[in-house]
Structures are given as structure tokens and as C-alpha cells.
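What follows is calculated from the coordinates using simple rules that are stated; it is not laboratory data. Remember, it's a predicted structure, so these values are computed and weren't measured experimentally. Because the Cβ atoms are built from the backbone with ideal geometry, glycine has one as well, and the counts that use them run over all protein chains shown.
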Amino acid sequence: HALLVSKPEAGEDALAMHMAIASQVERLGYWPFDARNLAWAVMPMGADWLFTLAYVPGGEVAARWVNFAMLGLLCGLIFELCAERCGRVPALVLAALFGSSPMAMFVTGSLMVENTLAAFCLGAVAAWLRGHVTAAAVLVEEVARRTGVRLRTASQWPADGPVIALTTGAAWGRRPPE
């Protein structure tokens, strides 16, 4: 995966949309929400904003490494969730099989949003299974466990720093299992 991430981007979708969004923000300093000129201007773009945060200061390679980091977070979540239910060795095998699959290599080798979306969705499932109200708590916990970096969540809204604001069914009145 690291070799694929280090190569220049060649994917049509990545170049036409995901890199174009980041380079537009770098060039203009903002994102023009103008659907007359850009069809994706009003689409949900959570992963694209993560790529943009890395692209502006670090360029294409930095954005691609964010995608790789999301694969790592996703594999870590798979391992943690499976280890809680079937033990560490089977969990390690399942996480390794997922990470080494051709589809994982395809979406990590090109700047695509699937790793990020899958990490967000699995984070929401993990939050629900662990009894947290938001997936942000699980993602913050996983990032802190693996990197030592403690991010703040929307309940701790900062004036100066990144915020993870994801919700599970609690936003619609559902409560996690007890």
C-alpha cells in the first residue's frame, strides 16, 4: 500500500473530482459552493475536506497519505471489533485479509473516498456497540490509541483546531444498547 500511495495520482475519479476540489481550495483559498459550474459543489464531501486539509499544506502526496491513514484506522477498527468478539488471532487475520484485499488496494492506491466513508460508518457501528452516543468518541479513541494525538469532539467545540462531528442514531432519538 505504501508504494501505491507514494506514486503520482492516475485515477480518473481522483483527478477529476477529489484532487480538483483540493487544488481549487488551494488556488482560491475557499470552496465556491456554485453548482452551476461544479456538479459536486453541493454534494456531501467529508472525505474530500480531509484530503483538502492535507493537500493545501502538503500537496498530492499528503492527501494520498490521509487516504492510507484511513485504511489503517479502518483495519484497526475491524481488528478491535473482531477481537472483542472472537479473539485477537482471528481478528488479526480478518483485518489483514481486509487490508490486503484487491479492493482495499484499489481504493487506497488512488485518492478515493471509500476508506474514509467506511471508517466513519464502522466507527458509528463501533460507537453503537460500545454504548457511545457518537461515532466521534470512537474515532477519537482509536486515533489517540494509535497515535497519541487526542482530538476534540463537537461537544468540546474549539476555537482553534480540528473537530470530529459524527453522530449515530442518537441524533434521531435512538439510544445505544445498554
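Quick look at the values:
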{"read-out": "Förster radius 30 Å - calculated FRET efficiency between ARG85 and LEU53, Cβ distance, rounded to 0.05", "value": "0.35"}
{"read-out": "Share of alpha-carbon pairs per 10 Å distance bin for the range 37-153, given as whole %", "value": "13, 41, 35, 10, 1, 0"}
{"read-out": "Computed lengthening from GLU12 to SER101, 0.36 nm per intervening residue step minus Cα-Cα distance", "value": "29.9 nm"}
{"read-out": "Modelled label reach - GLU26, point 7 Å along Cα→Cβ, the range 57-84 residues with backbone N closer than 17 Å", "value": "57-68"}
{"read-out": "Karplus-derived HN-Hα couplings along the range 139-145 (A = 6.51, B = -1.76, C = 1.60, θ = phi - 60°), whole Hz, x at Gly and Pro", "value": "5, 4, 4, 5, 4, 5, 5"}
